[in-house]
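Engineer: To start, I am sharing the structure in question, which I have written as structure tokens.
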Amino acid sequence: MDKKQKKTMLIIFGVIAVILLLGIFLTSGSSAGEEESVNVIMRDAVLHNVHKVNFFGIEINPGLAAGFLVTAILTVAAIIIRIFVIPKFTLVPGRFQSVLELLVGYFDNLSKTNSPHLNKIMGGYIFAAGVYIFTGTMLELFGIQVITTTGASVSLPAPLADINGALMMGCTSYLFIMSGGIAANGFRGVINTLKEYSLPISMSFRLFGALLSGALVTELVYYYSHLSVVVPVLVGIMFTCLHALIQAYVLTMLVSLFYGEVSEPPKPKEKKIKAPKAKKAKELTV
Amino acid sequence: MSNLPLNINFTQIFLHLLNFLILFAILYFLLYKPVKNFMEKREKTYRDMDDEARDNLKASEEKKAQYDTKLSEAEAEISQMKSKSRQEIEKSKETQLQAAKDEAERIVREAKAEANREKERILSDAQSEISEMVTDATEKLALKATAGEAFDQFLDAVDLAEKRGSDYEQ
């Protein structure tokens, strides 16, 4: 890019920025967001008791709708990759193949490292969970709008910012860990898993708290128009991208670690060497 | 159900679960498993190539060892043949030398025998000549000279004959 092109790009960028700023300040008085108080918005972000989305006659939270959308997007992507990309895989990988292999290899390696005794399906589970958490959280950035049952428009939150989604993920992961314990050690595996009874709650609320906090801060920032310049870029990166990565990493790491722990075969007991009795020892010394 | 704290709703939890299970199945069968299978297949391919290369290396090392053994055997055989041929040459040389010696001895022996025969012949010739001369001298003495002269002539003739005989012997 030469100097002239750089100059042109800068001018275009400046014009777009000025137009956006003008748009923000001119429309701030008639903003739909200010029809609701910030308290209502915050409360709804936590409890999801105001805005509902109609799903074939069932009223669902926007988080669940986001979950369906994530599944749809990932399904389409997986089908396209399966049909058009995977059959063209080469021994020396290209860029996209490298990314896919890196992703699958990472979760496969994580499962094999943390659970060397039983890891056949665990890699697939943590792969799916990691991809779901990451993609679902990143969906927040796009601000996809849905119409609620009240006729209002809301942007889709992360699926796991919904307490029901977070509970599902925590409890499913716990049950999955227990299934590994049963498969490897039978009843002993169940006992080993039940020892960590707080795990589903801790995993669920860790996810819920982390993703909700990001959503709340983002909502708060967007609520006030004078904060919606530049600040959302930092907030979006801090609370969305980093949370997407960190929470996906934390949950998959925890699941693989606990799965490996409960599926570990019991160690054989060491035989105790009986100490010679005092009398016998005395006789021997005499 | 809706009275649970934090607006927890079991219907929605099950819907979330159903959604996630579908996603898990799709991602597992369409993405994770095929990619993993491909990676394992590629790993196997490279491992096979590595094994094949190792086998080839081992086979070539074995062949090299075989060739080295054969080479050392051939060298040993060559040196053995060399020593054998050297021995044969020595033997042949000795035989030829012995034959030459025998031939030389035979020639010397034959020469000696020939010389002896010649000597014998000369001696006999000299004796017969002496006897003829003696006879001649005796006849002459008896016819022409005195007894004293005849006796001296006789002695001279004898000395001459002896002298000749000794010359022949030498």
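Engineer: Does A:ASN54 qualify as being polar (S, T, N, Q) and in contact (Cβ under 8 Å) with a residue 40 or more places away in the chain?
Structural biologist: So A:ASN54 fits the description; yes.
Engineer: Let me ask you something else. How many residues are on the phi > 0 side of the Ramachandran plot and either in contact with a helix residue (DSSP H, G or I) (Cβ under 6 Å, 6 or more places away or on another chain) or surrounded by 15 or more Cβ atoms within 10 Å (Cβ to Cβ) (or both) when one looks only at the stretch A:230-252?
Structural biologist: Final tally of qualifying residues: 0.
Engineer: Follow-up. When residues of the stretch A:55-68 are filtered for being within 10 Å of another protein chain (Cβ to nearest Cβ) and open to solvent by 30 Å² or more (accessible area, probe 1.4 Å), how many remain?
Structural biologist: Looking only at that region, the number is 4.
Engineer: Are any residues in the stretch B:12-30 more than 17 Å from A:LEU103 (Cα to Cα) and facing chain A (nearest Cβ under 7 Å), and if so, which ones?
Structural biologist: B:GLN12, B:ILE13, B:LEU15, B:HIS16, B:LEU17, B:ASN19, B:PHE20, B:ILE22
Engineer: Does the stretch A:210-218 contain at least one residue that is open to solvent by 70 Å² or more (accessible area, probe 1.4 Å) and either among the basic types (Lys, Arg) or in contact (Cβ under 8 Å) with a residue 40 or more places away in the chain (or both)?
Structural biologist: Step one: filter the stretch A:210-218 for residues open to solvent by 70 Å² or more (accessible area, probe 1.4 Å), giving none.
Within the stretch A:210-218 (the criterion being open to solvent by 70 Å² or more (accessible area, probe 1.4 Å) and either among the basic types (Lys, Arg) or in contact (Cβ under 8 Å) with a residue 40 or more places away in the chain (or both)), the answer is no, since none of the residues qualifies.
Engineer: With open to solvent by 70 Å² or more (accessible area, probe 1.4 Å) and facing another protein chain (nearest Cβ under 8 Å) as the only criterion, which of B:LYS41, B:LYS33 stands out?
Structural biologist: B:LYS33
Engineer: So is A:ILE79 in contact with a Leu (Cβ under 9 Å, 6 or more places away or on another chain), open to solvent by 70 Å² or more (accessible area, probe 1.4 Å), without any contact (Cβ under 8 Å) to a residue 40 or more places away in the chain and facing chain B (nearest Cβ under 9 Å) or not?
Structural biologist: Yes: the conditions hold for A:ILE79.
Engineer: If I filter the stretch B:57-64 for residues that are away from chain A (no Cβ under 14 Å), open to solvent by less than 80 Å² (accessible area, probe 1.4 Å) and of a type outside the set (D, E, K, R), do I get at least one hit?
Structural biologist: So far as the stretch B:57-64 goes, yes, one or more of its residues are away from chain A (no Cβ under 14 Å), open to solvent by less than 80 Å² (accessible area, probe 1.4 Å) and of a type outside the set (D, E, K, R).
Engineer: What number of residues within the stretch A:82-112 are among the hydrophobic types (A, V, I, L, M, F, W, C) and either open to solvent by 50 Å² or more (accessible area, probe 1.4 Å) or more than 10 Å from chain B (Cβ to nearest Cβ) (or both)?
Structural biologist: If we filter the stretch A:82-112 for residues that are among the hydrophobic types (A, V, I, L, M, F, W, C), which is where we start, we get A:83-86, A:89, A:91-92, A:96, A:99-100, A:102-104, A:107, A:110.
Retained after the next criterion (residues that are either open to solvent by 50 Å² or more (accessible area, probe 1.4 Å) or more than 10 Å from chain B (Cβ to nearest Cβ) (or both)): A:83-84, A:91-92, A:96, A:99, A:102-103, A:110.
The number of residues fulfilling the criteria is 9.
Engineer: Yes or no: A:VAL255 touching a residue at least 60 places away in the same chain (Cβ under 8 Å), open to solvent by less than 40 Å² (accessible area, probe 1.4 Å) and assigned to a helix (DSSP H, G or I)?
Structural biologist: Judged against the criteria, A:VAL255 is a match.
Engineer: Look through A:LYS52, A:LYS120 and report the one residue that is more than 8 Å from chain B (Cβ to nearest Cβ), under 30 Å from A:GLU261 (Cβ atoms) and open to solvent by 10 Å² or more (accessible area, probe 1.4 Å).
Structural biologist: Residue meeting the stated conditions: A:LYS120.
Engineer: When you go through A:GLY151, A:GLY143, A:GLY186 one by one, which is the residue that is on the phi > 0 side of the Ramachandran plot and open to solvent by 50 Å² or more (accessible area, probe 1.4 Å)?
Structural biologist: Residue meeting the stated conditions: A:GLY151.
Engineer: From A:SER179, A:SER204, which residue is in a helix (DSSP H, G or I) and open to solvent by less than 30 Å² (accessible area, probe 1.4 Å)?
Structural biologist: After applying the criteria, what remains is A:SER204.
Engineer: Six or more apart or on different chains, Cβ atoms under 6 Å: show the pairs whose first residue is in the stretch A:85-102 and within 13 Å of B:THR45 (Cβ to Cβ) and whose second is among the charged types (D, E, K, R) and surrounded by 12 or more Cβ atoms within 10 Å (Cβ to Cβ).
Structural biologist: Pairs that qualify, where the first residue is within 13 Å of B:THR45 (Cβ to Cβ) and the partner is among the charged types (D, E, K, R) and surrounded by 12 or more Cβ atoms within 10 Å (Cβ to Cβ), are A:LEU91/B:ARG42.
The values are calculated or read from the model by the stated rules, or taken from the named source; none is laboratory data. Quick caveat: nothing in here was measured; it's all calculated off a predicted structure. Here Cβ is always computed from backbone atoms with ideal geometry, including for glycine, and neighbour counts include all displayed protein chains. Side chains included, ligands, DNA and RNA excluded: accessible areas come from the protein's heavy atoms. Shrake-Rupley method; radii C 1.70, N 1.55, O 1.52, S 1.80 Å.
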